[in-house]
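Everything on this sheet refers to the single structure shown next.
The values are calculated or read from the model by the stated rules, or taken from the named source; none is laboratory data. Everything numeric here is computed off the predicted structure, so don't read it as measured data. Every residue, glycine as well, gets a Cβ built from its backbone with ideal geometry; the counts of neighbours run over all protein chains shown.
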């Protein structure tokens, strides 16, 4: 991925990781289109930044995603990077029958969303020089947070999908996976101030430094996520799962959730 001069579409760009990285890319000389459901959040994220543009998008809506992609290509013909960042995370109790609304929304947004948007833009991207697709997964793709089972499964699915996408697009479009650790954002209630989570600005700085490398690593992994990413490879999956489960329960309890 070029280190400046890109035209990047960032989903989920109105807050959290998407907003912070949009600012980093803007500051290094890229043009960024941030997309999300809430225009007010997008406007706030873009304020004072001439090369950040805003568009509303609900990735849960298949027809709207197709129409959005056509409009983006028409408005920004130099688009060469798709950054699939939008996602939701819900805590779920699997011990009794429940309403599956949260699980179904998680699958629609976290799995079908990036698959649909990638599909809608792939012909355009494949014809662009220096094209790249970035998928945002999670350390939980490798060791699940059992309190958020569908979220963890969705990120594991996108990790697997990314491997296939990278292999099929070799020589045509660069495919990069970004797997964050727990980061202090508003992804879940109280997470923005949760102890033990990586501060957002520190995370964004570390990620931006890796995107500045040439060649760009195919996996963007800050030090804080290696505990999860390498767990199975290092033969400590069960131990890591137990530690993660206990630590997460303690952190949420300390936050009154």
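What the table shows:
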| item | result |
| --- | --- |
| Residue within the range 224-238 that is within 24 Å of residue 24 (Cα to Cα) and in contact with a strand residue (DSSP E or B) (Cβ under 8 Å, 6 or more places away or on another chain) present | yes |
| The range 107-133: number of residues that are crowded, with 23+ Cβ neighbours inside 10 Å and over 25 Å from residue 74 (Cα atoms) | 1 |
| Selected residue [modelled with pLDDT of 95 or more and under 22 Å from residue 13 (Cα atoms)] from 245, 150, 185 | 185 |
| Enumeration of residues in the range 200-221 that are in contact with a strand residue (DSSP E or B) (Cβ under 9 Å, 6 or more places away or on another chain), assigned to a loop (DSSP other than H, G, I, E, B) and touching a residue at least 60 places away in the same chain (Cβ under 8 Å) | 216 |
| Some residue of the range 181-199 being within 16 Å of residue 25 (Cβ to Cβ), part of a helix (DSSP H, G or I) and touching a residue at least 24 places away in the same chain (Cβ under 8 Å) | no |
| Which numbered condition residue 218 misses (of (1) under 18 Å from residue 114 (Cβ atoms); (2) under 16 Å from the mean Cα position of the chain (by Cα); (3) crowded, with 19+ Cβ neighbours inside 10 Å) | (3) |
| Among the candidates 86, 45, 62, residue that is touching a residue at least 40 places away in the same chain (Cβ under 8 Å) and within 18 Å of the chain's Cα centre (by Cα) | 86 |
| Residues located in the range 111-136, provided they are under 11 Å from residue 87 (Cα atoms) and out of contact with any strand residue (DSSP E or B) (no Cβ under 6 Å at 6 or more places or on another chain) | 111, 112, 113 |
| Verdict on residue 136 being crowded, with 18+ Cβ neighbours inside 10 Å, at pLDDT 95 or above and closer than 18 Å to residue 218 by Cβ | yes |
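Yes or no, residue by residue, for (1) surrounded by 15 or more Cβ atoms within 10 Å (Cβ to Cβ); (2) within 30 Å of residue 79 (Cα to Cα):
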residue	(1), (2)
150	yes, no
171	no, yes
181	yes, yes
185	yes, yes
193	no, no
196	no, no
207	yes, yes
213	no, yes
223	no, no
